[in-house]
Amino acid sequence: MKYFQPQSVREAVEIARTSEADFLAGGTDLVLHMQTGKIQPIALIDLGKISELKLIRKTPEYLEIGSMATFAELGQNELIDKHAHALWLACQTMGSPQIRNQATLGGNLGNCSPAADGLPPLLALGAEVELISGNGDEVVSLERLLSRTPLLTQDTLIRGFRIPLKGLQSGFAKLGRRRALAIARLSVAVAIEIEGDLATDVRVALGAVGRRAFLSESLAQELSGQEINEAWIEKGVEQVQRIVREALGARASAPYKRVAVAGVFREALASFIPEGGLKA
Amino acid sequence: MMDMKLVVNNKPYTLNIDPKERLIDVLRNRLGLMGTKEGCGEGECGACTVIIDGKTVNSCLVLAAQANGSEITTIEGVGNRHKPHTVQKAFVEVGAVQCGFCTPGMVLSAKNLLDKNSQPSDDEISVAMSGNLCRCTGYDKILRAVKIASQEGKQ
């Protein structure tokens, strides 16, 4: 196996274009898959030495996150806490301290596990993904990207994410079998545009419910444009249970998850909305 | 094969490795640093914890090549029988070591916490140690040892 350690994005994309090499981000999933033999790369392009991919910064319109920013870096960053609170929360509980020090947000998308903790918050916050390949650059909404199969071609590099600064308030909660070190059995991210007492725009994304994380269009419709109070929360609980029931069908986990999601949804709301709604 | 450079416990090495080799394999098999233990081999248990450039990682999930140019601390660089680290002393005093297999990883997670935050709260200690599993002690003594080490200050 060949191993490349490029210093720039252009160099990395060029190597990918002219070889059959795979990109290596933090490696917490890939190295394990290599060890078990599930993945046997011909060559690897280690993105760890490209400093521009680690940037986290705010521009007038976007919060920009390089694909190689680690969960630990994101979870300790004030810009993330302030402008992408759901993502910040997800970064506190993903894996263990050791995993968070190594695992990256770009790798979370590239690996695209159904239980990827980073994706529901990014979906709820309306994140866009910056891709670079031999064919040129592309900016695509994460929601659209997640509908593609395969997710990315071999020579496509995830440069980073940009979250529009729309003043959304957001939260996140996940259910694992224990508090630390557990893969998400279920995760919920909620982002809301709030005007006065009104939730003018509501975005709910679910993780570990189906093959990939997704944004629920019907929940957005059911919950947007209404006052945030007890009744609104109860309506949300009812609707999110319906979504999970529909998404999971006859899967073995369905009876458990459609009940459990009620609590996870409430917790996600409670992570940023005071008890009983904004008026309480 | 590829050439790489590492500084391990303040000692520089130039190595010729297979890029598939994990950091734990290079530390144990090539450098003979057997203090780093492989428990689960899949990033769950933290027995293989080492510190790379000031951050704890599971050395079973890192390719040695990824650590090219980095500074690494393993348990051998923390202390020894004659000159134990404050954390190691506290572990012994409290009885936080039973079978001992998880201890090197535990000590590195605790040391790294105290290097960054010399007076951590109980919650901060719990979070910092949450990536290290122990099947013997029930954790209470381990957490107490970290607390005691923090009260005794840095060595």
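Couple of notes before you dig in:
- Computed label-point distance, nm, for sites B:E71 and A:A252 using a 7 Å Cα→Cβ extension: 4.9
- Cα gyration tensor, the protein assembly as shown - rounded (a/c under 1.5), prolate or oblate: oblate
- Here chain B yields Rg over Rh of 0.97, to two decimals, using C-alpha coordinates and the Kirkwood radius.
- Residues whose amide H comes within less than 5 Å of that of A:F23, counting only those at least five positions distant or on another chain, are A:I45 (H built at 1.01 Å from N in the peptide plane).
- Per-residue extension of 0.36 nm, minus the Cα-Cα distance of A:L198 and A:V139, leaves a gain of 18.1 nm for this segment.
- Springs join every pair of Cα atoms under 10 Å in this Gaussian network model of chain A, and among A:A86, A:A252, A:A270 the largest mean-square fluctuation is at A:A252.
- When the GluC sites (Glu not before Pro) in the range A:1-87 are filtered for DSSP coil states and for at most 13 other beta-carbon atoms within 10 Å of their beta-carbon, the remaining sites are A:E20, A:E61.
- GluC sites (Glu not before Pro) restricted to DSSP loop in the range A:199-280 with at most 13 other C-beta within 10 Å: A:E275
- Phi-based couplings in Hz for the range B:139-151 (Karplus 6.51, -1.76, 1.60; Gly and Pro marked x): 6, 4, 5, 5, 5, 5, 4, 5, 4, 4, 4, 5, 6
- Extending 7 Å from the Cα toward the beta-carbon at both A:Q154 and A:Q7 defines two label points whose distance is 2.8 nm.
- Chain B - share of DSSP beta bridges that are antiparallel (%, nearest 5): 90
- Sum of -39500 (n - 2.57) over DSSP H runs of 4+, divided by residues of chain A (222 nm, nearest 500): -10000 deg cm²/dmol
- Calculated P(r) tail over 12 Å for the range A:1-46, as whole % of Cα pairs: 59
- Based on the reciprocal of the average 1/r between different C-alpha atoms, the Kirkwood radius for the range A:156-222 equals 13.9 Å.
- Note that the range A:42-57 has calculated 3J(HN,Hα) couplings of 6, 7, 10, 10, 7, 8, x, 9, 9, 5, 5, 7, 9, 5, 10, 8 Hz, one per residue in order, obtained from phi through the Karplus relation 6.51 cos²θ - 1.76 cosθ + 1.60 (θ = phi - 60°); glycine and proline are x.
- Using θ = phi - 60° in the Karplus curve 6.51 cos²θ - 1.76 cosθ + 1.60, the 3J(HN,Hα) couplings for the range B:75-87 round to 4, 5, x, 8, x, 8, 3, 7, 9, x, 6, 3, 5 Hz; x is entered for Gly and Pro.
Every number here is computed from the coordinates shown, using simple stated rules; none is lab data. Fair warning: this is a prediction, and the values are worked out from it, not measured in the lab. Note that each Cβ is placed from the backbone with ideal geometry, even for glycine, and that neighbours are counted across all protein chains shown.
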